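Remarks on the structure that follows.
The values are calculated or read from the model by the stated rules, or taken from the named source; none is laboratory data. This is a predicted model, so every value here is computed, not measured. Because the Cβ atoms are built from the backbone with ideal geometry, glycine has one as well, and the counts that use them run over all protein chains shown. These area figures cover heavy atoms from the full protein model, side chains too; ligands, DNA and RNA do not enter into them. Shrake-Rupley method; radii C 1.70, N 1.55, O 1.52, S 1.80 Å.
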Amino acid sequence: MKNCVFPGSFDPITKGHVDLVDRAYPLFDKIYVAVGENSVKNSLFSLEKRIGWLKEVFKDYDKVEVGKFVGLTVNYCHDVGAQYLLRGLRNASDFDYEKTISQLNNIIGENVETVFLISRPEYSHFSSTIVREIIKGKGNYDQFIPNNIKINYE
Ligand code: ADP
C-alpha cells in the first residue's frame, strides 16, 4: 500500500489544496489530509471548523481520510502507516522552506519521503493567508474556496 499524509493548516482550505489532492489521487492508495495543530501558528478558524470543511469537501473521495495531529508530522505518518508526505510548491519561497523540512523529515522520519507537486498556474497565487486577509477585510473570497463549503466569519 502506498499511503501519504497531506499535512497543513487549512486555515481555511482553498481550491489550491483541493487541486493538489485531485492530482495526487491516482498516485496513492490512501491520502490522509491532516490538520497539524501547530504550536507556533495562531489560526483564524477553529480546528473543528477546519476539519469540518475538509470532511465536507472530501466526502466523496473514497481514498481520502481526514485527520488531525499534534507534534511531528513524521510521527503521524508512522501512526497511520504512511511512507510519503505530500506538499505543494507555488514559488521559490515554498521551495526554500520545504527543502529543509523535507530533508529533516527524511532523517528523523526514517525514510519518509516527501512528494512535491508544483502548483497549477491558475492556483499559484492562492494561499490561505490571502484568503484570510480577504475574509477579514470583508471582500469576496468565493472564487478561492471550494464551492461546497460555507465560511462564516463575524
Ligand atoms: P502549512 O501551514 O503547513 O503551510 P497550508 O494549509 O498553508 O499549511 O498548506 C498546506 C500545503 O498545501 C503546503 O504544502 C502548501 O504549499 C500547499 N498549498 C497551499 N496552497 C496551494 C496552492 N494554491 N497550490 C498548491 N499547493 C498549495
Could you tell me which of the pairs LYS59/LYS150; LYS2/LYS49; LYS15/LYS59; LYS41/LYS68; LYS30/LYS55 are separated by over 18 angstrom between their Cα atoms in the structure shown? LYS2/LYS49
Find out how many positive minus negative residues lie around GLU113, taking Lys and Arg as positive, Asp and Glu as negative, among other residues whose Cβ is under 12 Å from that of GLU113. +1
For the chain, with every protein chain kept in place, what is the accessible area per residue (1.4 Å probe, Å²)? 57 Å²
Could you give each residue of the stretch 53-61 its phi-based ³J(HN,Hα) in whole Hz, using Karplus coefficients 6.51, -1.76, 1.60 with θ = phi - 60°, and x for Gly or Pro? 5, 4, 4, 5, 5, 9, 5, 9, 8
Determine the calculated [θ] at 222 nm for the chain from helices alone, applying -39500 (n - 2.57) to every DSSP H run no shorter than 4 residues and normalising by the residue count; nearest 500 deg cm²/dmol. -11000 deg cm²/dmol
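Under 1.5 on a/c is rounded, so check that first for the stretch 4-87, then, if it is not, pick prolate when a/b is larger than b/c and oblate when it is not; a ≥ b ≥ c are the square roots of the alpha carbon gyration tensor eigenvalues.
Oblate.
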Just the number, please: carbon plus sulfur as a percent of the accessible area of the stretch 3-144, 1.4 Å probe, no ligands or DNA/RNA counted. 51 percent
Positive minus negative residues near ASN3 (Lys, Arg vs Asp, Glu; Cβ under 10 Å): +1
Can you tell which of ASN91, SER43, GLY109 lies farthest toward the positive end of the dipole of the stretch 35-118, using +1 and -1 charges on the Cβ of basic and acidic side chains (Lys, Arg; Asp, Glu)? SER43
Under the Kirkwood approximation applied to all pairs of distinct alpha-carbon atoms, what is the hydrodynamic radius of the stretch 3-144 in Å? 15.5 Å
Spatially proximal aspartates and glutamates relative to LYS99 (Cα-Cα < 18 Å; intrachain offsets below 8 disregarded): GLU110, GLU113
Quick one: P(r) of the stretch 101-145 from all Cα-Cα pairs, 10 Å bins, percents rounded to integers, in order of increasing distance. 23, 28, 25, 21, 3
Using a 1.4 angstrom probe and counting only protein chains, how large is the accessible area of THR129 in Å², to 10? 80 Å²
Taking H as built 1.01 Å from N, whose amide H comes closer than 5 Å to the amide H of PHE6, not counting residues under 5 places away? TYR32, VAL33, ALA34, LEU86
With a point put 7 Å past each Cα toward its Cβ, work out how far TYR97 is from ASP22 in nm, to one decimal. 2.3 nm
Less than 12 Å from a label point 7 Å out along the Cα-to-Cβ axis of ASN148: which backbone N atoms in the stretch 40-58 qualify, by residue? 53-58
